[in-house]
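**Student:** Below is one structure. I have some questions about it.
Read-outs throughout are calculated quantities, based only on the coordinates presented, and are distinct from any laboratory measurement. None of these values were measured; they are calculated from a predicted model. Methodologically, a virtual Cβ is constructed for each residue, glycine included, from the backbone with ideal geometry; neighbour enumeration extends over all protein chains shown.
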Amino acid sequence: MSNPGTQDNPLRVAIIGAGPSGFYAADQILKDPETHAQVDLFDRLPTPYGLVRGGVAPDHPKIKSVTRVYERTAAKEGFRFFGNVEVGRDLGVADFENHYHAIMYTFGAEADRELGIPGEDLPGSYAATAFVGWYNAHPDYADRDFHLERAKRAVVIGNGNVAMDVSRMLALDGAELRQTDIADHAIDVLDSSAIEEIVVLGRRGPVQAAYTNPEIKELGELEEADVIVDPAETELDPVSQAWIDSDEVDKTTRVNVEIVREFALKTPAGKPKRIVLRFLASPIEINGGAHVESIVIGQNELVDDDGTLRARDTGFREELECDLVLRSVGYTGIPLPGVPFDEKRGTILNQHGRVLEEHGGSHRIGHYTAGWIKRGPSGVIGTNKKDAQETVTHLLEDVAGNQLLEPSTPDPNAIEALLQERGVNYVSFSGWEKIDAEEVGRGEPHGRPRVKFVRVDEMLDHASDKATK
């Protein structure tokens with residue numbers, strides 16, 4: 001038989017993870033003019049879109065409109081979606097090797113990084129991942145209880161966009177929340193929370209903050225919260241100041257510093273809540289008995305370490321009473337059995353998207369990766385498009401060189417038969433469209449974009465057909 005990629009022998013690709021990376025990769029494979037391809041996109045949830053659905057803040061609907069691009073990919077000939085299929089539970093890597101010429105892992109980095117400090121596991125100390133999943137109606141987090149009714153002061157650890165999101169969500173009122181697609185169960189809890197102050201800790205200075213301009217600017221536009229910054233904390237060390245004054249600094253960094261300095265000069269309006277931005281501050285210890293009662297904060301200074309500014313503990317300590325701690329210090333990938341993993345980086349072991357057998361080893365034929373599980377948790381949604389393109393370019397090179405898997409049962413119907421044989425209630429893209437239509441319909445009477453299902457069983461009840469598209 002001819003090499004895969006022809007009309008008679010289509011290139012069969014399984015992509016595991018239906019977030020932005022998975023859709024971008026699928027689109028780039030399917031639109032290649034030299035390759036006749038069939039792409040099956042798998043996800044463990046019945047719903048596609050990954051963090052666009054489960055991670056983007058509810059009050060950011062414009063960002064979520066990127067799903068229209070993914071819908072166009074799903075409409076292409078050769079595309080199929082298999083939701084509610086979990087690798088390791090329903091299918092193993094060997095199953096994909098038996099049915100596809102290539103496998104691409106795009107399932108992201110869903111575990112949170114830990115602080116590694118005493119008291120981190122106390123009730124009241126949580127990963128921001130869990131909080132974000134809870135208010136975004138992710139089934140994994142639907143039953144979490146963050147005890148907001150007793151939390152007057154929350155401490156958010158981190159200076160990235162997720163930290164800004166959770167701080168903002170804690171400060172929104174019920175009227176603002178009810179205009180969004182936030183999980184129903186989160187609206188009343190957030191609206192009736194006892195939160196009066198949200199303290200955000202960044203271990204380095206305003207110049208090194210990882211949030212983007214819109215995210216930090218939005219804090220100053222909240223109806224219910226003043227933003228408080230100590231002017232002394234906006235005074236930059238000589239190296240940071242020199243960087244800001246140079247022609248090399250990027251616009252995002254310069255504007256971030258300008259926004260924070262504006263906050264520092266602004267007189268508080270006496271709003272019901274306060275968001276306090278702290279810099280050069282690291283968590284040292286979380287204290288409490290049955291739940292979080294306080295956090296010990298260490299003061300840092302920035303030191304030049306071979307051209308890189310690093311935070312160094314000065315030894316000064318401050319204890320701050322608090323009831324809730326949300327850590328947002330990054331994500332890491334979770335190993336998939338049978339797939340080489342780089343424990344240090346928290347990613348699948350790879351070189352430019354080709355999975356490696358071992359560090360410095362050869363390419364594992366037919367195995368590829370893209371997105372956060374390839375490069376680590378960095379960039380914005382659009383970053384994944386270029387990242388996926390790099391991986392797909394290598395995949396297509398391997399198609400041309402006939403360096404792919406040789407599946408024993410490449411027939412498109414075979415994977416469906418296998419899932420049915422194993423009793424897997426998978427969801428097709430048309431099944432997702434039924435879920436989507438029902439959620440949108442539930443939101444319309446309330447002037448909301450949608451009211452999400454939070455239970456997998458509810459989703460499956462509405463995804464009744466198993467059509468191929």
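**Student:** List Thr6, Thr391, Thr369 from most exposed to least, where exposure is judged by having the fewest other Cβ atoms within 10 Å.
**Tutor:** With the fewest neighbours first, Thr6, Thr391, Thr369 line up as Thr6, Thr391, Thr369.
**Student:** Further question: Tell me the angle of helix 383-400 to the major Cα principal axis of the chain, expressed in degrees between 0 and 90 and rounded to the nearest ten.
**Tutor:** Helix 383-400 sits at roughly 20 degrees to that axis.
**Student:** If you add up the charges near Asn84, with Lys and Arg at +1 and Asp and Glu at -1, over every other residue whose beta carbon is less than 9 angstrom from its beta carbon, what do you get?
**Tutor:** That sum, taken over residues with Cβ under 9 Å, equals -2.
**Student:** Using a Cα-Cα cut-off of under 23 Å, which lysines could be cross-linked to Lys271, ignoring same-chain neighbours fewer than 8 residues away?
**Tutor:** The reachable lysines, counting only those whose Cα sits under 23 Å from Lys271, are Lys152, Lys217.
**Student:** Straight-line reach from Lys344: which lysines have Cα under 26 Å away, leaving out those fewer than 8 places along the same chain?
**Tutor:** Lys374, Lys385, Lys386
**Student:** Right, next: Could you work out how far the C-alpha centroid of the stretch 404-469 sits from that of the stretch 168-211, in angstrom?
**Tutor:** Each part reduced to its Cα centre gives a spacing of 32 Å.
**Student:** Another question, then. Tell me the angle of helix 251-265 to the major Cα principal axis of the chain, expressed in degrees between 0 and 90 and rounded to the nearest ten.
**Tutor:** 30
**Student:** In which sequence would Tyr141, Tyr24, Tyr331 go, from the one with the fewest C-beta neighbours within 10 Å to the one with the most?
**Tutor:** Going from least to most buried by this count: Tyr141, Tyr331, Tyr24.
**Student:** Please compute the contact order of the stretch 264-344 in relative form: average sequence separation of alpha-carbon pairs under 8 Å and at least six residues apart, divided by the residue count, as a percent.
**Tutor:** Value for the stretch 264-344: 21 percent.
**Student:** If you don't mind, another one. If each residue's Cβ is checked for other Cβ atoms within 10 Å, how do Ser21, Ser65, Ser282 rank with the fewest at the top?
**Tutor:** Arranged by neighbour count, lowest to highest, Ser21, Ser65, Ser282 become Ser65, Ser282, Ser21.
**Student:** Please work out which option in (i) 28; (ii) 20; (iii) 25 gives percent of Cα pairs over 39 Å apart calculated from these coordinates, and answer with its label.
**Tutor:** Checking each listed value against the structure points to (i).
**Student:** Roughly how many Å is it from the Cα centre of the stretch 217-294 to that of the stretch 320-372, as a whole number?
**Tutor:** So the two Cα centres are separated by 31 Å.
**Student:** Quote the charge dipole size of the stretch 264-381 about the Cα centre in Debye, to the nearest 20; the model charges only the Cβ of Lys and Arg (+1) and of Asp and Glu (-1).
**Tutor:** Rounded to the nearest 20 debye, it is 680 debye.
**Student:** In debye, nearest 20: dipole of the stretch 394-447 around its Cα centre with unit charges on the Cβ of K, R (+) and D, E (-)?
**Tutor:** Working: 3 positive and 11 negative charges, 38 e Å.
Magnitude of the dipole: close to 180 debye.
**Student:** Another question, then. Starting at the first residue of the stretch 340-347, write each ³J(HN,Hα) from the Karplus equation 6.51 cos²θ - 1.76 cosθ + 1.60 with θ = phi - 60°, in whole Hz, x for Gly and Pro.
**Tutor:** Couplings: x, 10, 9, 4, 5, 8, x, 10 Hz.
**Student:** With axes computed from alpha carbons, what is the tilt in degrees of helix 412-421 against the longest principal axis of the chain, rounded to the nearest 10 within 0 to 90?
**Tutor:** It works out to around 70 degrees.
**Student:** Under a 5 Å amide H to amide H cut-off, with H placed in plane at 1.01 Å, what residues pair with Tyr368 once short-range neighbours are removed?
**Tutor:** So Tyr368 has HN proximity to Ile103, Met104, Tyr105, Val355.
**Student:** Could I ask something else about it? For the pair Lys76 and Thr308, how long in nm is the line joining their label points, each one 7 Å along Cα→Cβ?
**Tutor:** Each label point is offset 7 Å from its Cα along the Cβ direction, giving 3.7 nm.
**Student:** Please give me, ordered by residue number, the GluC sites (Glu not before Pro) of the stretch 1-94 that lie in loop per DSSP and have at most 14 other Cβ atoms within 10 Å.
**Tutor:** Those that pass, being in a loop and sparsely packed, are Glu34, Glu77, Glu86.
**Student:** What does the charge dipole of the chain about its Cα centre add up to, to the nearest 20 debye, if the Cβ of each Lys and Arg holds +1 and the Cβ of each Asp and Glu holds -1?
**Tutor:** Using Cβ point charges on Lys, Arg, Asp and Glu, the chain gives about 640 debye.
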